[in-house]
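The values are calculated or read from the model by the stated rules, or taken from the named source; none is laboratory data. This structure is a prediction, so every number in the text was calculated from the model and none was measured. Positions of Cβ are generated from backbone atoms using ideal geometry, with glycine treated the same way; all protein chains shown enter the neighbour counts.
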Amino acid sequence: MNVATILKAKGSEVETVGPDMTLAEAARLLTVKRIGAVLVMEGMHLLGILSERDLVKTIGVSGADALDRRVREIMTSRIVTCGLNDSVDELMDMMTEGRFRHLPVVENDRLVGIISIGDVVKHRIAETVMETEALRLYIANS
């Protein structure tokens with residue numbers, strides 16, 4: 001199973017914000033959409049990613065006044081991306097080693113989706129269930 005399979009099942013909609021949006025506005029969007037991260041875009045150019053973790057760390061250090069700051073000030077600008085042909089195992093390795101939970105999907109220099117750790121786990125479990133069922137059928141028919 002690969003990224004293309006996951007996106008086909010979940011869709012390729014991506015929530016984005018501009019770099020000059022306030023953290024309060026971004027936090028509201030995360031809450032309303034019930035998501036853990038948004039991509040920071042300027043036009044078609046991917047500038048960074050802003051996660052719940054980024055918000056919590058900033059508020060923890062600066063207090064509620066941090067909510068008036070701009071997304072560009074705290075976003076993660078060193079972005080790791082994946083491609084449509086990357087496997088679920090590759091995604092798990094990237095996420096584990098990088099200690100992050102969201103991966104933008106980029107193909108031919110164009111943003112085509114985002115994958116979360118929840119997506120990866122859900123599809124890995126489905127894959128394991130299918131393999132187990134195939135083994136059961138094989139054993140039953142032997």
Of the conditions (1) touching a helix residue (DSSP H, G or I) at 6+ places or on another chain (Cβ under 8 Å); (2) within 30 Å of residue 128 (Cα to Cα), residue 7 satisfies every one except a single condition; which number is it? (1)
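Would you mind finding the one in 124, 70, 78, 110 that is more than 12 Å from the chain's Cα centre (by Cα), among the basic types (Lys, Arg), at pLDDT below 90 and at negative phi? Show your work before the answer.
Values: 70 fails: at pLDDT below 90; 78 fails: at pLDDT below 90; 110 fails: at pLDDT below 90.
The unique qualifying residue is 124.
Within the stretch 74-90, can you find the residues that are in contact (Cβ under 8 Å) with a residue 40 or more places away in the chain and within 21 Å of residue 15 (Cβ to Cβ)? Talk me through it step by step, then tell me what you get.
Going through the stretch 74-90, the residues in contact (Cβ under 8 Å) with a residue 40 or more places away in the chain turn out to be 74-75, 82-88.
Of everything in the stretch 74-90, those that are in contact (Cβ under 8 Å) with a residue 40 or more places away in the chain and within 21 Å of residue 15 (Cβ to Cβ) turn out to be 74, 75, 82, 83, 84.
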Which numbered condition residue 24 misses (of (1) within 30 Å of residue 85 (Cβ to Cβ); (2) at pLDDT 95 or above): (1)
Filtering the stretch 72-85 down to residues that are assigned to a helix (DSSP H, G or I) and loosely packed, with under 15 Cβ neighbours inside 10 Å yields 73
I'd like the full set of residues that are free of Cβ contacts under 8 Å to residues at least 60 places away in the same chain, part of a loop (DSSP other than H, G, I, E, B) and more than 15 Å from the chain's Cα centre (by Cα), limited to the stretch 4-56. 18, 19, 20, 21, 43
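Matching residues to (1) surrounded by 15 or more Cβ atoms within 10 Å (Cβ to Cβ); (2) touching a Lys or Arg at 6+ places or on another chain (Cβ under 7 Å):
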| site | (1), (2) |
| --- | --- |
| 64 | no, no |
| 70 | yes, no |
| 88 | yes, yes |
| 105 | yes, no |
| 137 | no, no |
| 142 | no, no |
Exactly one condition in (1) within 22 Å of residue 3 (Cβ to Cβ); (2) surrounded by 16 or more Cβ atoms within 10 Å (Cβ to Cβ) is false for residue 131; which is it? (2)
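Quick check on residue 25: is it under 21 Å from residue 119 (Cα atoms), surrounded by 12 or more Cβ atoms within 10 Å (Cβ to Cβ) and not hydroxyl-bearing (Ser, Thr, Tyr)?
Details: under 21 Å from residue 119 (Cα atoms): no; surrounded by 12 or more Cβ atoms within 10 Å (Cβ to Cβ): yes; not hydroxyl-bearing (Ser, Thr, Tyr): yes.
When the stated conditions are applied, residue 25 does not pass them.
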Can you tell which of 109, 93 is without any contact (Cβ under 8 Å) to a residue 24 or more places away in the chain, surrounded by 10 or more Cβ atoms within 10 Å (Cβ to Cβ) and either in contact with a helix residue (DSSP H, G or I) (Cβ under 9 Å, 6 or more places away or on another chain) or under 20 Å from residue 4 (Cβ atoms) (or both)? 93
